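Take a look at the structure set out below.
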Amino acid sequence: MRFLIITHVFHKQKAQQWFAYAPYVREMNLWLNYVDEVEIVAPTTDTPISEIDIAYQHNKIKFTPIPSLAFINFSRSVKSLLAIPFIFYRLFQACKRADHIHLRCPGNIGLLGCFIQLFFPKKIKTAKYAGNWDPNAQQPLSYTLQKKILSNTTLTKNMTALVYGEWKNQTKNIKSFFTASFKNEDREAIPLRDYSADLHFIFVGSLVEGKRPLLAIKIVEALINRGKPCYLALYGDGVLKNELQQYIDQNNLGKYIVLHGNQTSDTIKAALKQSHFSILASKSEGWPKALAEAMFYGVIPIATSISCVPNMLDNGKRGLLIAPDLASAVNKIESCLLDKSHLREQSIKASDWSQLFTLDVFEAEIKRLITTK
């Protein structure tokens with residue numbers, strides 16, 4: 001089988017290997033266990049390979065580079081518009097060569113892939129929609145278009161679209177899915193944490209506005225000011241790094257709040273095992289792996305009620321659902337801290353639920369998608 005991947009993820013080459021963002025590549029390597037050949041159509045970058053990049057594991061990879069698309073300013077918009085015909089051509093030729101077309105959505109390249117796949121109704125297709133599938137969510141037009149095309153079984157044939165969360169009134173080709181980070185062998189009994197001593201919070205994610213890392217910092221700062229012994233470790237990098245560090249320094253929080261930058265999965269796993277709470281007050285999410293990974297080790301998630309997060313947290317039974325408002329979030333957390341037995345119960349429920357979704361289960365589902373068509 002010749003398996004085609006169409007994605008907006010930037011790729012880097014080194015010593016005849018192709019590298020990209022580790023969580024994405026780690027998942028794709030599971031798909032590639034069941035294919036003979038793979039073609040990747042994606043943009044490239046010359047930036048150095050970092051700690052969060054890993055290589056594809058397959059001995060027969062064809063890489064077809066395309067320009068990236070961005071409409072952030074006038075000049076980039078003009079360049080992107082001029083590049084679209086060339087990208088269409090490359091996508092069309094790659095789809096002709098493929099036995100199975102796999103789209104990674106949402107994204108600008110994913111949108112073009114959604115249009116191109118319409119010309120190949122007989123080919124087997126899957127799409128991984130890694131964003132928020134909530135039909136009521138306010139999203140960019142390109143995201144809305146991708147959702148409409150993927151779920152339109154009159155236009156889109158032979159397609160299984162994998163989405164996060166359980167949503168009503170979906171077409172028959174929409175399949176509720178999940179993602180995973182750990183194997184069955186990683187399961188372990190979680191320690192019973194002491195919620196009456198120092199409390200350790202963790203943030204894992206990009207330091208960008210959409211993840212609201214500053215709100216996480218301010219929540220912990222407010223708890224400290226109310227006399228709670230709290231610490232926050234932030235793992236990840238992004239455009240807000242300097243601004244966040246400046247806020248920490250100006251408010252004398254360096255003893256309590258530390259930016260650790262990008263770290264290996266083993267480092268983060270060790271940090272999770274020492275944490276009580278994971279904060280991720282995002283503006284938008286698909287399946288927030290940072291929360292699922294934290295829950296795997298009994299870390300209680302604190303998150304905004306978006307996308308499939310309420311399902312993940314069982315509407316508050318496996319964690320705390322907060323509004324993106326500092327005062328109300330702090331009040332809710334402080335109130336929950338009064339019931340230590342309930343916190344331990346949430347920790348256990350979070351771990352029991354997350355440990356159902358291992359890489360072994362995930363790979364079995366992927367194998368079924370590829371081999372039963």
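The values are calculated or read from the model by the stated rules, or taken from the named source; none is laboratory data. Quantities reported herein were computed from a predicted structural model and do not represent experimental measurements. Virtual Cβ from ideal backbone geometry, glycine too; neighbours counted across all protein chains shown. Remember, those area values only see protein heavy atoms, side chains included, never the ligands or the DNA or RNA. Shrake-Rupley method; radii C 1.70, N 1.55, O 1.52, S 1.80 Å.
Report, by residue number, each residue of the range 91-110 that is part of a helix (DSSP H, G or I), open to solvent by 10 Å² or more (accessible area, probe 1.4 Å) and under 21 Å from residue 31 (Cβ atoms).
96, 97 - these are the residues of the range 91-110 that are part of a helix (DSSP H, G or I), open to solvent by 10 Å² or more (accessible area, probe 1.4 Å) and under 21 Å from residue 31 (Cβ atoms).
Only one of these conditions is not met by residue 276: (1) touching a strand residue (DSSP E or B) at 6+ places or on another chain (Cβ under 9 Å); (2) surrounded by fewer than 19 Cβ atoms within 10 Å (Cβ to Cβ). Which number is it?
For residue 276, the exception is condition (2).
Can you name the residue in the range 191-212 that is of a type in the set (Ser, Thr, Tyr) and open to solvent by less than 60 Å² (accessible area, probe 1.4 Å) and, of all such residues, is farthest from residue 267 (Cα to Cα)?
195
Considering every residue within the range 260-270, establish whether at least one is hydrophobic (A, V, I, L, M, F, W, C) and closer than 26 Å to residue 350 by Cα.
Yes: one or more hits.
Per-residue answers, yes or no, for (1) under 30 Å from residue 126 (Cα atoms); (2) open to solvent by less than 30 Å² (accessible area, probe 1.4 Å); (3) hydrophobic (A, V, I, L, M, F, W, C):
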{"residue": "310", "(1), (2), (3)": "yes, yes, no"}
{"residue": "338", "(1), (2), (3)": "no, no, yes"}
{"residue": "341", "(1), (2), (3)": "no, no, no"}
{"residue": "358", "(1), (2), (3)": "yes, yes, no"}
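Counting residues that are of a type outside the set (Ser, Thr, Tyr), open to solvent by 20 Å² or more (accessible area, probe 1.4 Å) and out of contact with any His (no Cβ under 9 Å at 6 or more places or on another chain), which strands (runs of 3 or more DSSP E) fully inside the range 1-81 reach at least 1?
Here the list reads 12-14, 17-21, 53-55, 61-65.
Under the condition of being open to solvent by 70 Å² or more (accessible area, probe 1.4 Å) and not charged (D, E, K, R), which residue from the range 160-190 is modelled with the lowest pLDDT?
If we take residues in the range 160-190 being open to solvent by 70 Å² or more (accessible area, probe 1.4 Å) and not charged (D, E, K, R), then 189 is modelled with the lowest pLDDT.
Conditions first: (1) open to solvent by less than 60 Å² (accessible area, probe 1.4 Å); (2) within 29 Å of residue 107 (Cβ to Cβ); (3) touching a strand residue (DSSP E or B) at 6+ places or on another chain (Cβ under 8 Å); (4) of a type outside the set (Asp, Glu). Residue 241 passes all but one, so which condition is the exception?
(1)
If I ask for residues that are closer than 19 Å to residue 309 by Cα, open to solvent by 20 Å² or more (accessible area, probe 1.4 Å) and of a type in the set (D, E, K, R), which ones from the range 118-141 would you list?
134 - this is the single residue of the range 118-141 that is closer than 19 Å to residue 309 by Cα, open to solvent by 20 Å² or more (accessible area, probe 1.4 Å) and of a type in the set (D, E, K, R).
When the range 129-157 is examined, which residues are found to be free of Cβ contacts under 8 Å to residues at least 60 places away in the same chain and touching a strand residue (DSSP E or B) at 6+ places or on another chain (Cβ under 9 Å)?
Those that are free of Cβ contacts under 8 Å to residues at least 60 places away in the same chain and touching a strand residue (DSSP E or B) at 6+ places or on another chain (Cβ under 9 Å): 143, 146, 147, 150, 151, 153, 156, 157.
Which ones in the range 142-159 are open to solvent by less than 10 Å² (accessible area, probe 1.4 Å) and assigned to a helix (DSSP H, G or I)?
146, 150
Give 227, 236 a once-over and let me know the one that is of a type outside the set (Phe, Trp, Tyr), closer than 26 Å to residue 336 by Cβ, in contact with a Gly (Cβ under 7 Å, 6 or more places away or on another chain) and free of Cβ contacts under 8 Å to residues at least 40 places away in the same chain.
When all the criteria are applied, what remains is 236.
When you go through (1) more than 20 Å from the chain's Cα centre (by Cα); (2) modelled with pLDDT of 95 or more; (3) not charged (D, E, K, R) one by one for residue 319, which number turns out not to apply?
Condition not satisfied by residue 319: (1).
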